[in-house]
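Student: First, the structure itself, so that you have it in front of you.
The values are calculated or read from the model by the stated rules, or taken from the named source; none is laboratory data. Note that the structure is predicted; figures quoted are calculated from it, not measured. Neighbour counts are summed over all protein chains in view; Cβ atoms, including those assigned to glycine, are modelled from backbone coordinates with ideal geometry. Ligands, DNA and RNA are stripped out before the accessible areas are found, and what is left, the full protein with its side chains, is counted by its heavy atoms. Shrake-Rupley method; radii C 1.70, N 1.55, O 1.52, S 1.80 Å.
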Amino acid sequence: MELRKLGATGLNVSSLCLGAGMFGNREIGCDEQTSSAILDAYMDAGGNFVDSADFYGDGTVETVVGAITQGRRDRLLLTSKVGLWHGPGANARGLSRKHILDAIDESLRRLRTDYLDLYQVHSVDPWTPLDETLRALDDCVRSGRVRYLGCSNFEAWRLMKSLGMAGQGGLSRFVSIQLQYSLVSRTIEREHVPLCLEEGVGLLPYGVLAAGLLSGKMRRGHAPPAGTRLDKDASYRDRVDERALGIVDVLLEAARALGCTASQAALAWIAKRPAVASVILGVRSVEQIEDNLGAARVVIDPENDRRLDEASAQAADHPYDMIKRLEAFVAPQNLVTRR
Ligand SMILES: NC(=O)c1ccc[n+]([C@@H]2O[C@H](COP(=O)([O-])OP(=O)(O)OC[C@H]3O[C@@H](n4cnc5c(N)ncnc54)[C@H](OP(=O)(O)O)[C@@H]3O)[C@@H](O)[C@H]2O)c1
């Protein structure tokens, strides 16, 4: 599997990251034994990057990851996230200094390790000063408990403000951001992707199969297969509209032409998008991980790339449409740009 730098850092991450969110989850995921077999298959294919969070299963996922990575910790990059899990007590939540410094030790205990390669804030906490959060995270790095910092589900302006504050204060900066990004959801291309490219922040897309839709398992006029996430969770199913089903049609045609599965084509497409460092996979079986790992071998030709791009493009509204039109007025005809 391809290795890439995580943003502007020197850290080598595999182009596919193993999302552990379903590990130990009886409803939509798999037990510890299957989680371990999934990790075996992932590492055999050259994967080195495992994504976790204290929020997933209220600590259960970290506990499973801690168990199944024993004896191979040194070959893996382990992540976790803080900020969403509400523990007992008024301060066991959010991104305060108190909570971050408590939560990191709890995550390390469950993950059975004395450091995390990447520690991410799971989302924003508008009620805590950003400066307080950034200083607490910097202390996690300075104490050796964390190697790199990342964020998740941040607006572009807040990520930019964080980078500026970290730079001015001599603090460790966010080197990555996790955001939902797939053929059916491309809104982050407006602000986040250009920001990531400009500032050297590695993009870690999640939701890349849109809860399974982009595997092609749900077609127009048919209910999703029983027992799947789309079947069990109406919040995912209700978002499947005519546009999304049209994208699935084009994706299935592209997969046929490329001789791969729809999941592989969807993953290969997102893996090559600008700023993407590593694509987060979510699976609940060895069959699914083996299918998805096959994406590393898929190369989408320009014609199918164009068709997928056209089918999934999102309308540019103000001011992006206007900026695009006005760019032509600004650039001299013989200017060579890096875009
Ligand atoms: N930062 C954040 O806020 C955030 C949020 C969500 C997720 N994440 C990360 O992303 C990871 C992935 O979760 P996700 O929700 O983003 O996953 P996703 O890609 O949107 O969907 C994964 C689902 O697709 C189905 N699937 C996967 N591979 C398949 C295959 N080859 N063939 C058929 N079906 C397949 C499985 O569901 P069924 O088998 O049930 O159909 C699986 O649960 C999480 O574990 C976590 O690490 C991060």
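Student: Compute the Rg/Rh shape ratio of the range 261-307: radius of gyration over Kirkwood radius, all on alpha-carbon atoms.
Tutor: On the way: Rg = 11.0 Å, Rh = 11.2 Å.
Using Cα coordinates only, the ratio equals 0.98.
Student: Using a/c under 1.5 as the rounded threshold, could you call the range 192-236 rounded, prolate or oblate? The axes a ≥ b ≥ c are square roots of the C-alpha gyration tensor eigenvalues, and prolate needs a/b larger than b/c, oblate otherwise. Intermediate values should be presented prior to the final figure.
Tutor: Working: a/c = 4.13, a/b = 3.22, b/c = 1.28.
Taking the square roots of the gyration eigenvalues as a ≥ b ≥ c, the range 192-236 is prolate.
Student: What's the percent breakdown of Cα-Cα distances in the chain across 20 Å bins, shortest bin first?
Tutor: In whole percents, the pair-distance histogram is 30, 59, 12, 0.
Student: What FRET efficiency do you get for HIS222 and ASP40 if R0 is 30 Å and r is their Cβ-Cβ distance, rounded to the nearest 0.05? Could you put the intermediate results ahead of the total?
Tutor: Values: r = 34 Å, r/R0 = 1.13.
The computed FRET efficiency comes out at 0.30.
Student: What is the Cα centroid distance between the range 116-166 and the range 268-339, reported in whole angstrom?
Tutor: 27 Å
Student: Here's another thing I want to ask about it. Eigenvalues of the Cα gyration tensor times 5, then square-rooted: what semi-axes does that give for the range 159-213, in whole angstrom, largest first?
Tutor: Details: eigenvalues 138, 23, 10 Å².
So the three semi-axes of the range 159-213 are 26, 11, 7 Å.
Student: What's the whole-number percent of alpha carbon pairs in the range 24-173 lying beyond 25 angstrom?
Tutor: Details: 3313 of 11175 pairs.
I get 30 percent for the Cα pairs in the range 24-173 exceeding 25 Å.
Student: How high is the FRET efficiency from SER235 to ASP114, r the C-beta distance, R0 35 Å, rounded to 0.05? The partial results should precede the final answer.
Tutor: Details: r = 38 Å, r/R0 = 1.07.
E between SER235 and ASP114, to the nearest 0.05, is 0.40.
Student: How would you order 83-92, 267-276, 27-36 from highest to lowest mean count of nearby Cβ atoms within 10 Å?
Tutor: Values: 83-92: 13.8, 267-276: 20.3, 27-36: 16.4.
Peptide ranking by packing, descending: 267-276, 27-36, 83-92.
Student: Among DSSP beta bridges whose residues both lie in the chain, state the antiparallel percentage, nearest 5. Please report the intermediate quantities before stating the final value.
Tutor: Values: 4 of 32 bridges.
Within the chain, antiparallel bridges account for around 10 percent of the total.
Student: Okay, moving on. For the pairs LYS217/LYS272; LYS98/LYS272; LYS272/LYS324; LYS5/LYS161, flag any whose C-alpha to C-alpha distance is greater than 28 Å.
Tutor: Working: LYS217/LYS272 24 Å; LYS98/LYS272 39 Å; LYS272/LYS324 23 Å; LYS5/LYS161 23 Å.
Too far apart for the 28 Å limit: LYS98/LYS272.
Student: First compute the accessible area of the chain with a 1.4 Å probe, then give the percent of it belonging to carbon and sulfur atoms. Numbers along the way, then the final one.
Tutor: Working: 8220 of 16050 Å².
Within the chain, the accessible surface is 51 percent carbon and sulfur.
Student: In bins 5 Å wide, starting from 0, what share of all Cα pairs of the range 204-339 does each bin hold, as a percent?
Tutor: 2, 9, 16, 18, 19, 14, 8, 6, 4, 2, 1, 0
Student: Taking the Cα atoms of the range 32-76, report the difference between the largest and smallest coordinate on each principal axis, in whole Å and largest first.
Tutor: Sorted largest first, the three principal extents are 29, 19, 16 Å.
Student: What is the gain in length, in nm to one decimal, between ALA257 and ARG142 on full extension, counting 0.36 nm per residue of separation less the C-alpha to C-alpha distance?
Tutor: Details: separation 115, 0.36 × 115 = 41.40 nm, distance 5.08 nm.
Full extension of this stretch gives 36.3 nm more.
Student: Between ASN91 and GLU191, how many nm apart are label points set 7 Å from Cα along the C-beta direction?
Tutor: Label at ASN91, label at GLU191, 3.2 nm between them.
Student: Starting from 0 in steps of 5 Å, tell me what percent of the Cα-Cα pairs of the range 143-281 lands in each bin.
Tutor: The calculated distribution, bin by bin, is 2, 9, 18, 18, 16, 13, 10, 7, 5, 2, 1, 0.
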